[in-house]
Amino acid sequence: MHGRAAWIVDGATGVSDRKMTSGETDAAWLAGLIGESLQGLVLAGRPEQDFPNLQESVRSAFDAETAHSDVPGDEHAPSACLGFISLRGWSGDGRLRLEGHFLGDVVALVPTESGVIRWTDERSKPFERRTLAVLEGAGRQLGIMPEVVRRQIQENRTRLNHPDGYWVVNPRRPWAGRELHFETVIAPGQPVVLATDGFMRLVDVFAAYSDASLHAGLSAGEGERLMQELREREREDARAGLYPRVKIHDDATVLVVAPEHG
């Protein structure tokens, strides 16, 4: 987060078995690049208006990083989901104008007069359901992904950043202008939550919370407890028999901000 903006980047490594960048993983390399670039755009003005420049800088950096190796196909490149929120001044009644721009399944939980609302991009959900359906038919061994599931994931990646597919930040396929835009007004000091899909498993997979009750817990400073609960629930269902999911454990990140000024 910086100034009037906050964001979460959730990286995903491509389907290649070899690492292409100097990062700990290709996903970590891309997420770090996007974060640094966003901070620069925030300092310069309205970053959401400069997403085409972010797209170009990500592409150029990836091309330079992989100049020494052969990237066999677009689907082998890393990608990332992005949740970006920013303040846009005051409304006429003394509340703050909040905007969101989302690519992929990063989630914002936003308090409004009608209750907590969710901002996210669900265009990847049909592809996730296909993967889960294949996984259910294939059975599961602990720590091993069935080959049929791997092939389904590879097939899903071919629809990445296509009109009939889903949209994420990717260094090889254009995405700027495809982000989903949201806006609302909130009272100063009200907590806004940003979280990856891994953390949102508490709602979407384990059904232990609603959006509203999870927001309330995080607003009360219970983030560490909730993270521990998430990991305990994953361990208790280590074969994903009760709660179907492709990854037994997933990266989980959550950020709570309480904006005071527009």
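The values are calculated or read from the model by the stated rules, or taken from the named source; none is laboratory data. Note that this is a predicted model, so its numbers are computed, not measured. Every residue, glycine among them, receives a Cβ derived from its backbone with ideal geometry; neighbour counts consider all protein chains shown.
Couple of notes before you dig in:
- Long-range neighbours under 6 Å by Cβ, at least six apart or interchain, first residue in contact (Cβ under 8 Å) with a residue 12 or more places away in the chain within segment 143-164, second outside any helix (DSSP H, G or I) and of a type in the set (D, E, K, R): Asn161/Arg173
- Selection within segment 80-116: residues that are touching a Pro at 6+ places or on another chain (Cβ under 8 Å) and assigned to a strand (DSSP E or B). The member of this set that is nearest to Thr13 (Cα to Cα) is Phe84.
- Total residues in segment 154-189 satisfying the condition of being surrounded by fewer than 18 Cβ atoms within 10 Å (Cβ to Cβ) and assigned to a loop (DSSP other than H, G, I, E, B): the figure is 13.
- Just one of the listed residues (Leu54, Leu43, Leu109, Leu98) is out of contact with any helix residue (DSSP H, G or I) (no Cβ under 6 Å at 6 or more places or on another chain), among the hydrophobic types (A, V, I, L, M, F, W, C) and at pLDDT 90 or above, namely Leu98.
- The set of residues in segment 190-211 being buried (at least 17 other Cβ atoms within 10 Å of the Cβ) and among the hydrophobic types (A, V, I, L, M, F, W, C) consists of Val192, Val193, Leu194, Ala195, Phe199, Met200, Leu202, Val203, Val205, Phe206.
- Matching residues in segment 125-148 - criterion: being of a type in the set (A, V, I, L, M, F, W, C) and modelled with pLDDT under 85: Leu135, Ala138, Leu142, Ile144, Met145
- Residues being part of a helix (DSSP H, G or I) and either within 23 Å of Glu122 (Cα to Cα) or in contact with a strand residue (DSSP E or B) (Cβ under 7 Å, 6 or more places away or on another chain) (or both) - total across segment 193-218: 10
- Unique residue being in contact (Cβ under 8 Å) with a residue 24 or more places away in the chain, within 18 Å of Trp175 (Cβ to Cβ), surrounded by 15 or more Cβ atoms within 10 Å (Cβ to Cβ) and not hydroxyl-bearing (Ser, Thr, Tyr) when the list is Leu103, Leu98: Leu103
- First in segment 106-125 and over 11 Å from Val192 (Cβ atoms), second anywhere and among the acidic types (Asp, Glu) and assigned to a strand (DSSP E or B), Cβ under 9 Å, 6 or more apart: Val106/Asp10
- Near pairs, Cβ below 9 angstrom, 6+ apart or cross-chain, from segment 51-80 (closer than 20 Å to Gln154 by Cβ and among the hydroxyl-bearing types (Ser, Thr, Tyr)) to any residue that is surrounded by fewer than 17 Cβ atoms within 10 Å (Cβ to Cβ) and modelled with pLDDT under 85: Ser69/Arg18
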